[in-house]
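The values are calculated or read from the model by the stated rules, or taken from the named source; none is laboratory data. Since this is a predicted model, take the numbers as computed values, not measurements. Methodologically, a virtual Cβ is constructed for each residue, glycine included, from the backbone with ideal geometry; neighbour enumeration extends over all protein chains shown.
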Amino acid sequence: MRQPPKFDQLATPSVPLAEMTWFRLGGAAEWFAEPDSLDRLSELTHECGEHGVSLRMLGQGANLLIADEGVDGVVVRLKSSPFRTVQWPKPATGFATDQPEEALVIAGGGADMSRLVIDAVRQGLAGIECMAGIPGTLGGIIRMNAGGRFGQIGDVVRDVTVIERDGRQRTLTRDEIGFNYRHTDLGGAIICRATLALRRDDPKRLREKHLEIMSYKKATQPLGEYSAGCVFKNPPERSAGRLIDEAGLKGRRVGGAFISTQHANFIVAQDGATARDVRTLIGIARREVADRFGIELETEIEIWEPSPARSTTSAA
Ligand code: EPU
């Protein structure tokens, strides 16, 4: 096992990761770290860069499949309070629907998205209620511009502060972030903090919208099971879930994993499932959809392999 000089103080060796992911699958991290300050994170990033060690960001493991063999290098989670704090704007005395007032929220990259959505709705701040039911950390969600049929996070991000691979800190404007469908140009940069531009609105209206989205999701998605949300991105003008469904794959099982009977873009892992089972199902879905419809499905979930090219990757 490689052991760059300062790793002993910065990270813990051989930490199992399965319980940190929504699939509850996968092996251990060669090294695992939860830095307690920006300086420690910067030091760790710099150290990895210097020694050519891969560094991966783990959010809440909501959108992630980790190989059964585990992963080499360092896995980092921003769980300590400096990365989770949220600065809310001062409460307003009222709101004007004809001229919505902008309200800026500054939140850490490790902040819990579901909590953020609920707190914003409660305070009458509009713009992220469309993210209801999308789990993950704010940083992970921004990095992949997560969203759904009701909107995407990129619509409200004003800027992000990141730590680059060499350990340097930088603030990027929304144009520099390059938001696209489930994609940004952020690459390996670690999102430490983001400014969201929300609008004052009627809390009651927002609560209703939030409830409506949650009811839609509960009715159409297997939310109570171990899964990583939608496995594939939607191809242009099409729904990946519908294509897999029309290919007759709902309920298809490999080992302990199966394609959800409720929403075909979800793979559910049951007791005894392995990451390999999920990988096999992903392959089957891709092959069948390509054969039937001539469409190449692209995965939306992040997949961590044991020995990738040495780089920085992140997941929500
Ligand atoms: N459909 C089927 N069969 C299925 C699944 C869906 O016929 O098995 C049909 C639905 O009836 C609907 C259409 O396909 O007419 C689209 O389905 P849905 O409304 O569920 O939306 P989606 O495009 O499959 C997107 C996001 C979800 C997000 C929902 C709701 C992507 C890849 N998926 O799903 O995001 O929750 O909208 O906002 O963009 C995720 O990212 O993990 C995720 C689940």
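Observations on the model:
- Among the residues making up region 198-239, those that are under 18 Å from GLY148 (Cα atoms), among the small types (Gly, Ala, Ser) and surrounded by fewer than 16 Cβ atoms within 10 Å (Cβ to Cβ) are SER215, ALA219.
Residues are listed down the side, and each one gets a yes or a no for (1) surrounded by fewer than 18 Cβ atoms within 10 Å (Cβ to Cβ); (2) part of a loop (DSSP other than H, G, I, E, B); (3) of a type in the set (S, T, N, Q):
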residue	(1), (2), (3)
ALA107	no, no, no
ALA120	no, no, no
ILE142	no, no, no
THR161	no, no, yes
ARG165	yes, yes, no
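- Taken over region 115-133, the criterion of being within 16 Å of the ligand (Cβ to nearest atom), in contact with a helix residue (DSSP H, G or I) (Cβ under 6 Å, 6 or more places away or on another chain) and in contact (Cβ under 8 Å) with a residue 40 or more places away in the chain is satisfied by VAL117, ILE128, GLU129, ALA132, GLY133.
- Residues of region 230-248 satisfying the condition of being near the ligand (Cβ under 10 Å from one of its atoms) and of a type in the set (Gly, Ala, Ser): SER239, ALA240, GLY241
- Leading residue by the ranking (surrounded by the fewest Cβ atoms within 10 Å (Cβ to Cβ)) among those in region 254-272 that are more than 16 Å from the ligand (Cβ to nearest atom) and more than 22 Å from the chain's Cα centre (by Cα): ASP271
- THR184 vs. criteria closer than 20 Å to CYS130 by Cα, away from the ligand (no atom under 11 Å from the Cβ), modelled with pLDDT of 95 or more and polar (S, T, N, Q): yes
- Filtering region 109-118 to residues that are crowded, with 21+ Cβ neighbours inside 10 Å and either farther than 18 Å from ARG158 by Cβ or among the acidic types (Asp, Glu) (or both) leaves only GLY110.
- Answer from SER215, SER227 - the residue that is modelled with pLDDT of 95 or more, away from the ligand (no atom under 11 Å from the Cβ) and closer than 22 Å to ALA132 by Cβ: SER215
- Top-ranked residue in region 22-68 [being surrounded by 24 or more Cβ atoms within 10 Å (Cβ to Cβ) and of a type in the set (Val, Ile, Thr); ranked as modelled with the lowest pLDDT]: THR45
- Within region 145-170, the set of residues being under 23 Å from LYS218 (Cβ atoms) and of a type in the set (A, V, I, L, M, F, W, C) comprises ALA146, PHE150, ILE153.
- Search result, residues across region 290-306 that are among the acidic types (Asp, Glu) and away from the ligand (no atom under 13 Å from the Cβ): ASP291, GLU296, GLU305
- Looking only at region 235-284, residues that are without any contact (Cβ under 8 Å) to a residue 12 or more places away in the chain and in contact with a Ser or Thr (Cβ under 8 Å, 6 or more places away or on another chain) come to 1 in all.
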